[in-house]
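So the structure is just underneath, and the comments pick up after that.
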Amino acid sequence: MSKVVLVTGAGRGIGRGIALEFARQGYDVVIHHRRTPEGAEQLAREIQALGRKAEILAGDLSDVNVPVRIIDEAFEKMGRLDVLVNNAGITIFKPFLEMDLEQLELCYKVDFRAAFLCAQRVAQLMVETGTRGSIINITSVHQERTNDRDTVYGPMKAALARATESMAYELAPYGIRVNAVAPGMTLNREPEGRRKAYVATVQQSIPLRRAGRVEDVAKAVVWLASDEADYVTGITLRVDGGLNLPMMQALIEGCQTFI
């Protein structure tokens, strides 16, 4: 029987790329989205064209009841869950003095609480079924380094990365591995307008001199879930081209650009 992966926020962007890469590696895929049904349906068709099974689930992860529901529905539809990728997230950048409670709570609900609850429920099912599974949380390079207007998003990703370590420690006796992947600047389409100039500037600060591609992140995630990484747990793998390396010379010369 084929292994099954659930990818949250897979209707577009990095989540879409992760889901496709798992399908290429022989996984059946459960696609979660919030409000991108067309993208989810197109992705399902592409996965099915690869000879894999695809199911679609919708739900707003800021609703406290949705994370457990989508895990249970995915398990019911597929009969098993071997991998969970907590990819869904919301990015909020706003000055600290202007941050309002509604946005603060929304970022917490989606970027931390939803991932926590999804991971908890899938781990419970894995333990019950004796599945030596894998949970991968998508965090961000923002978790490590402060940035402009980043008093909420970065800290929520940092909290998720720290929770990843505790999950890994507690679930290791059951053979369940938990890791995180922290992307840097990642492009899923060619930048246009003012963003094109911004991307060009940031790329000059990246040691590998290019922005990331969705495929870069997807391959890292699939590797962490694979048997080749079966002795790897509790880590955060940066996929950022070296963006978050401490580049003293760039800082001295004033050419370091953060994202």
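The values are calculated or read from the model by the stated rules, or taken from the named source; none is laboratory data. All of these numbers come straight from a predicted model, not from anything done at the bench. Cβ: placed from backbone, ideal geometry, glycine included. Neighbour counts: every protein chain shown. The accessibility values were calculated without ligands, DNA or RNA, using every heavy atom of the protein model including side chains. Shrake-Rupley method; radii C 1.70, N 1.55, O 1.52, S 1.80 Å.
Take the residues in segment 9-35 that are assigned to a loop (DSSP other than H, G, I, E, B) and in contact with a strand residue (DSSP E or B) (Cβ under 9 Å, 6 or more places away or on another chain); name whichever of them is farthest from Leu187 (Cα to Cα). Steps first, answer last, please.
Here is the first cut: in segment 9-35, the ones assigned to a loop (DSSP other than H, G, I, E, B) are 9-12, 25-27, 34-35.
Then keep just the ones that are in contact with a strand residue (DSSP E or B) (Cβ under 9 Å, 6 or more places away or on another chain); that gives 9-12, 27, 34-35.
Details: Gly9: 16, Ala10: 15, Gly11: 15, Arg12: 12, Tyr27: 25, Arg34: 21, Arg35: 21 Å.
Across segment 9-35, the extreme among qualifying residues is Tyr27.
Select from segment 20-43 the residues that are among the aliphatic types (A, V, I, L, M) and either open to solvent by 10 Å² or more (accessible area, probe 1.4 Å) or in contact (Cβ under 8 Å) with a residue 40 or more places away in the chain (or both) and list them in ascending order.
Initially, segment 20-43 is screened for residues among the aliphatic types (A, V, I, L, M), giving 20, 23, 29-31, 40, 43.
Leu20, Val30 - these are the residues of segment 20-43 that are among the aliphatic types (A, V, I, L, M) and either open to solvent by 10 Å² or more (accessible area, probe 1.4 Å) or in contact (Cβ under 8 Å) with a residue 40 or more places away in the chain (or both).
Of all residues being more than 18 Å from Phe75 (Cβ to Cβ) and not small (Gly, Ala, Ser) in segment 44-55, which is surrounded by the fewest Cβ atoms within 10 Å (Cβ to Cβ)? Just the residue, please.
The selected residue is Arg45.
With the condition kept exactly as written, say whether any residue in segment 145-153 is among the acidic types (Asp, Glu), without any contact (Cβ under 8 Å) to a residue 40 or more places away in the chain and farther than 20 Å from Gly15 by Cβ. Spell out how you get there, then give the answer.
Of segment 145-153, the ones among the acidic types (Asp, Glu) are 148, 150.
Filter once more, keeping what is without any contact (Cβ under 8 Å) to a residue 40 or more places away in the chain: none.
Within segment 145-153, not a single residue is among the acidic types (Asp, Glu), without any contact (Cβ under 8 Å) to a residue 40 or more places away in the chain and farther than 20 Å from Gly15 by Cβ.
Among the residues of segment 100-112, is there at least one that is without any contact (Cβ under 8 Å) to a residue 60 or more places away in the chain and under 17 Å from Gly234 (Cβ atoms)? Working first, answer last.
Of segment 100-112, the ones without any contact (Cβ under 8 Å) to a residue 60 or more places away in the chain are 100-112.
Of the ones still in play, those that are also under 17 Å from Gly234 (Cβ atoms) are none.
No, the conditions are met nowhere in segment 100-112.
From the list Ala163, Ala158, Ala172, which residue is touching a His at 6+ places or on another chain (Cβ under 9 Å), at pLDDT 95 or above and open to solvent by 10 Å² or more (accessible area, probe 1.4 Å)?
Details: Ala163 fails: touching a His at 6+ places or on another chain (Cβ under 9 Å); Ala172 fails: touching a His at 6+ places or on another chain (Cβ under 9 Å).
Unique residue meeting the criteria: Ala158.
Go over the candidates Met1, Met78 one by one and state the one that is surrounded by 20 or more Cβ atoms within 10 Å (Cβ to Cβ) and over 19 Å from the mean Cα position of the chain (by Cα). Reasoning before the result, please.
Details: Met1 fails: surrounded by 20 or more Cβ atoms within 10 Å (Cβ to Cβ).
It is Met78.
Which condition from (1) touching a residue at least 40 places away in the same chain (Cβ under 8 Å); (2) closer than 28 Å to Glu128 by Cβ; (3) surrounded by 16 or more Cβ atoms within 10 Å (Cβ to Cβ); (4) among the small types (Gly, Ala, Ser) is the one that Gly13 breaks?
So the condition that Gly13 fails would be (2).
Taking the condition at pLDDT 95 or above, open to solvent by 50 Å² or more (accessible area, probe 1.4 Å) and in a loop (DSSP other than H, G, I, E, B), does Asp60 pass?
Values: at pLDDT 95 or above: yes; open to solvent by 50 Å² or more (accessible area, probe 1.4 Å): yes; in a loop (DSSP other than H, G, I, E, B): yes.
So Asp60 fits the description; yes.
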